[in-house]
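Trainee: For reference, the structure I am asking about is given below.
What follows is calculated from the coordinates using simple rules that are stated; it is not laboratory data. Small disclaimer: the values here were computed from a predicted structure and weren't measured. We place every Cβ from the backbone using ideal geometry, glycine too, and count neighbours over all the protein chains shown.
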């Protein structure tokens, strides 16, 4: 257009490199070709014109979460003569309506993980893998710890359900294997560990969990119950770890192990390979972790029991036998993740 400021249409077109006819056409109408094109008009009648505003919209307003396919089924029930091939049209119309008049969505902000700040813990079920020990199905889960920034992982086989004892033992094993302590430890609501406990017992577990974190200089935090994405740095690796274990079992050719220690070694090897892939990042973050304390803190639960005339006691719905000379005595029992120790004039160990 700068040539047209000083030249006629033909001369300006020649200098710009196109024909005189094009120059005259542009001079008469300077709109772009895309601006000259008329909007595409509807070529067939709108099959939803009679029902969308009067029936579909009120349905969307009264039930915001309803699926488009359910709306279509309801409209077909009300109007049997409605063509059945309007599903895509209805889905687009509902999507457009919700974009303008629907409910607001949750906003996800990108997380930036600071090195040395956050470690996460969670438990994950492993029954779906069908692991057996000496032919017997292994009812277990994994305690899973992970550093959010570098991706350091630690996994610990847990027999039975979630508990504070399992959390304390697994967390301490992870921290000492890591060689440092993050400034913040995040877990879920620990609802499974607190289930069926009285209010006083729940408060006691909360106090013990806070004391555990205080011993290592960590700030305890929890994500909101039912909001999985707040714990996304550990929830997603759960799936990756399970897939790695599943693949290892397929390569091994069998899901059966001679003993529990063999299965634990397999888990340790898999986690070790994951950490080896992230070795440089882990070493960089390890330098920014807090130092370890002088020693571990207790990772057991202590209670008192009475030895009955049946030469034993019941603890957590399990009957334990002891020497008959202890009948009538009260024992202080320390409940670990895998063993129960009774103490009176010494320490003995019994399998759980």
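Trainee: Once the principal axes of the Cα atoms of the chain are found, what is the range along each, listed largest first in whole angstroms?
Mentor: 116, 59, 46 Å, listed from the longest principal axis down.
Trainee: What share of the DSSP beta bridges in the chain is antiparallel, in percent to the nearest 5?
Mentor: Close to 80 percent.
Trainee: If the elastic network links every pair of Cα atoms under 10 Å, which of 320, 143, 216 fluctuates the most in the Gaussian network model of the chain?
Mentor: Answer for the Gaussian network model of the chain: 320.
Trainee: I would also like to ask the following. Could you please state, rounded to a whole Å, how far the C-alpha centre of region 63-84 is from the C-alpha centre of region 112-137?
Mentor: 43 Å
Trainee: For the chain, what does the relative contact order come out to in percent, with C-alpha contacts under 8 Å and a separation of six or more?
Mentor: 14 percent
Trainee: Tell me, how many Å apart are the Cα centres for region 147-188 and for region 263-338?
Mentor: Measuring centre to centre over Cα atoms gives 13 Å.
Trainee: With a ≥ b ≥ c taken as the square roots of the eigenvalues of the C-alpha gyration tensor of region 118-286, please select rounded if a/c is under 1.5 and otherwise prolate if a/b is larger than b/c or oblate if it is not? List each step's numbers first, then the result.
Mentor: Working: a/c = 1.91, a/b = 1.25, b/c = 1.52.
Oblate shape, in that a/c is at least 1.5 and b/c is the bigger or equal ratio.
Trainee: Given the Cα-Cα distance of residue 5 and residue 280 and 0.36 nm per residue of separation, how much length would full extension add, in nm?
Mentor: That pair, residue 5 and residue 280, stretches by 92.6 nm at full extension.
Trainee: What is region 24-158 by shape, rounded, prolate or oblate, if you read a ≥ b ≥ c off the alpha carbon gyration tensor as root eigenvalues and call it rounded for a/c under 1.5, prolate for a/b larger than b/c, and oblate otherwise?
Mentor: Here region 24-158 falls in the oblate category.
Trainee: Counting alpha carbon pairs within less than 8 Å and at least 6 residues apart, what relative contact order, in whole percent, applies to region 118-286?
Mentor: Worked out over region 118-286, it gives 30 percent.
Trainee: Mind giving me the FRET efficiency for residue 15 and residue 35? R0 is 22 Å, r the Cβ-Cβ distance, nearest 0.05 is fine.
Mentor: Computed FRET efficiency for residue 15 and residue 35: 0.35.
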